[in-house]
Amino acid sequence: MVNWRSYIMTMLYPSLCPGCGSSLLWGETWCNACRRQWGMGRRIQRTSAIPHVDSVYCVASYCGPVGRGLRRLKYRRHLGNQKAWQELLDSFPFIDRLCVYSFVMPIPLVWQRQAERGFNQSEWLFRPWAKRQGICWLDGLQRIRKTQEQYGLKRKARQENLKSAFAMKGSFTKAIYGKKIILVDDIYTTGATMEACASVLKKHGASTVTGLVVASNAP
């Protein structure tokens, strides 16, 4: 049955494609051109630089519309089309490998950056997804010191930048012992941030830490 109110509102105030900003028809979440450029969900090749991360998956390619959409989301607060991002996350082809995990945990932002931005993009993107998958959301990590932006830094500089930057929130240290954790973020570049968080989780007894990101250009 057609929801006429929704239909009329869409005609008057059309939703915009996250990837290119073009107006969408009623019922669309991405334009067809951008949808065709999502890229395939895949397992990212691990390197010796991320020894505490057991595996990493990405849902889409960062090159193209998904990367543009994530930049609009983070830096221009384009928060109105969450259904589009949930549809993208639901296209992840290896969900059966993650259903046995105990917790989904977001990469935390330093509090000043989160206050400035008004939200943590990892939570905004993945918390509804975790609920649909029936996996418990656990906001158990915190940044304990401010770091500079990772963008533009080389791998070693990224690692130095993140040393001792993360810690467990005290009330959650026992909860993760012996558990499998999905660590989520918006993008994966070198893995330095994910490794810094995973090392803390493993230190407190997590048995497995698997990364899941929206997009990456890593092989």
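The values are calculated or read from the model by the stated rules, or taken from the named source; none is laboratory data. Predicted model, so just to flag it, every value in this text is computed and none were measured. Because the Cβ atoms are built from the backbone with ideal geometry, glycine has one as well, and the counts that use them run over all protein chains shown. To get the accessible areas, we keep the full protein, side chains included, count just its heavy atoms, and leave off ligands, DNA and RNA. Shrake-Rupley method; radii C 1.70, N 1.55, O 1.52, S 1.80 Å.
Across the options Ala33, Val59, Phe119, the greatest Cα extent toward the positive end of the charge dipole of region 1-141 (unit charges at beta carbon of Lys, Arg, Asp, Glu) belongs to Ala33.
Put a dot 7 Å past the Cα of Asp139, heading toward its Cβ, do the same for His204, and the two dots end up 1.5 nm apart.
Close amide H pairs (under 5 Å, H built 1.01 Å from N) link Phe166 with Ile144, residues at least 5 positions away or on another chain.
For the residues Arg71, Arg35, a 1.4 Å probe over the protein chains yields an accessible-area ranking, largest first, of Arg71, Arg35. Projecting the Cα atoms of Trp137, Pro18, Ser171 onto the charge dipole of the chain (Cβ charges, centred on the Cα centre) puts Ser171 farthest toward the positive pole.
With the whole protein complex present, Trp124 retains an accessible surface near 50 Å², based on a 1.4 Å probe. Extension gain, Gln37-Lys174: 0.36 nm per intervening residue step, less the Cα-Cα distance, totals 45.1 nm. About its Cα centre, the dipole of the chain is roughly 480 debye, where the only charges are +1 on Lys and Arg Cβ and -1 on Asp and Glu Cβ.
Using θ = phi - 60° in the Karplus curve 6.51 cos²θ - 1.76 cosθ + 1.60, the 3J(HN,Hα) couplings for region 87-98 round to 5, 4, 4, 5, 7, 4, x, 10, 4, 4, 6, 10 Hz; x is entered for Gly and Pro. Estimated at 0.36 nm per residue, the fully extended path between Arg97 and Gln114 surpasses their Cα-Cα distance by 3.0 nm. Accessible area per residue was computed with a 1.4 Å probe on protein heavy atoms; Lys163 scores about 120 Å². Scanning the chain for cysteines with no neighbouring cysteine C-beta under 4.7 angstrom from their C-beta gives Cys20, Cys34, Cys58, Cys63, Cys99, Cys136, Cys197.
Using +1 on the beta carbon of Lys and Arg, -1 on that of Asp and Glu, and nothing else charged, what's the dipole of region 27-117 about the Cα centre, debye to 20?
With Lys and Arg at +1 and Asp and Glu at -1, about 420 debye.
Split the accessible area of the chain by element, probe 1.4 Å, and carbon with sulfur accounts for 53%.
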